[in-house]
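Let me begin by presenting the structure, written as structure tokens, before commenting on it.
FYI, it's all coordinate maths here, none of it is from the lab. None of the values given here were measured: they were computed from a predicted structure. Here Cβ is always computed from backbone atoms with ideal geometry, including for glycine, and neighbour counts include all displayed protein chains.
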Amino acid sequence: MIIQESYKDVPTKAGGEGTMRIFIFHPTIPGYPHAKFPGVAVFSEIYQVTGPVSRFARQIAGQGYIVAAPSSYHEFTGPEPLAYDVPGTDAGNEWKVAKKVAAYDEDAELAVSLLLGLKTCNGKIAATGMCLGGHLAYRCALDQRVSAAVCYFATDIHSHSLGEGMNDDSLKRAGDIKGELVMIFGKSDNHVPPEGRDLIRRTLHEVGVQFSFFEVLGAQHAFIRDELSKGRYDPAVSKVCFEILLEVFERRLKIDLGEHSGEKLVIEDIC
């Protein structure tokens, strides 16, 4: 699988008139110019589409998915990534709660629509992301066109503190998620404490979301970010989690499952 990279600047309105750059990572198979692939929206952490995020997107594209990665802070700055330093972190955290939740949702809608508008997309869409992007992938799953979402260490869901006013409705709307959801956290993640993870898991159970929930012993926040400045990257655990992502995406996007029968699984009480 060969990957071609490009971008498209699309108009936005929810956060004020402007444009958002969506980076596109497109798989190609030599000799098959009409091949079609599922699409995946990849949402970045607070630093926008950095080197680690781009490499994550390439990994997904290399498995046969068209990836669209929006630049989340287009209302405040250009599409360039922020540095993994104090000024970059401060700017990212400031803009995270200055941006309107409706503008985040518009970004997701535009990314999904861009993918579905490609002649090379087979019409199946998933979402994933890390940190802020994990929360945005979760919100992207509120879109009924999204079949699955894998959310890495999603911040602010438990505290409903995303966006302007720090009062998002993500957990309240959990029942609107109709695709399959995967939530992945490190057990040593101090951004989402144990009680926060418990709240998310309990709420997903209560509203009947189809979901898996993983907590990795010893893993910290941002453990899949493959840069070493903060001492959190765990390549072995990242590999396992990526296999989980691929299993869900392949099952939900590459196999035609048809409509769910509505039949409830009966578990026999035997060994």
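Here are some notes:
- Some residue of the range 80-87 being among the acidic types (D, E) and either assigned to a strand (DSSP E or B) or in contact with a helix residue (DSSP H, G or I) (Cβ under 9 Å, 6 or more places away or on another chain) (or both): no
- Residues that are of a type outside the set (A, V, I, L, M) and under 19 Å from S159 (Cα atoms), drawn from the range 177-186: F185, G186
- Of the strands (runs of 3 or more DSSP E) entirely within the range 124-228, those holding at least 1 residues that are buried (at least 24 other Cβ atoms within 10 Å of the Cβ) and over 14 Å from the mean Cα position of the chain (by Cα) occupy 180-186.
- Of all residues in the range 107-123, those satisfying the criterion of being surrounded by fewer than 18 Cβ atoms within 10 Å (Cβ to Cβ) and assigned to a helix (DSSP H, G or I) are E109, S113, L116.
- The number of residues in the range 44-53 being more than 13 Å from the chain's Cα centre (by Cα) and farther than 18 Å from D156 by Cβ comes to 3.
- Selection status of G64, under 27 Å from Q210 (Cα atoms), over 14 Å from the mean Cα position of the chain (by Cα) and among the small types (G, A, S): yes
- Candidate set: the range 229-271, residues that are acidic (D, E) and in a helix (DSSP H, G or I); chosen: the one surrounded by the most Cβ atoms within 10 Å (Cβ to Cβ): E250
- Test: residue in the range 89-97 that is crowded, with 18+ Cβ neighbours inside 10 Å and either touching a strand residue (DSSP E or B) at 6+ places or on another chain (Cβ under 6 Å) or not in a helix (DSSP H, G or I) (or both): no
- Unmet requirement for I66, which otherwise passes all of (1) touching a His at 6+ places or on another chain (Cβ under 8 Å); (2) of a type outside the set (G, A, S); (3) surrounded by fewer than 15 Cβ atoms within 10 Å (Cβ to Cβ): (3)
- Filtered by the rule that a residue be closer than 26 Å to A154 by Cα, part of a strand (DSSP E or B) and not β-branched (V, I, T), the range 10-43 gives M20, R21, F23, F25, H26, P38, G39, A41, F43.
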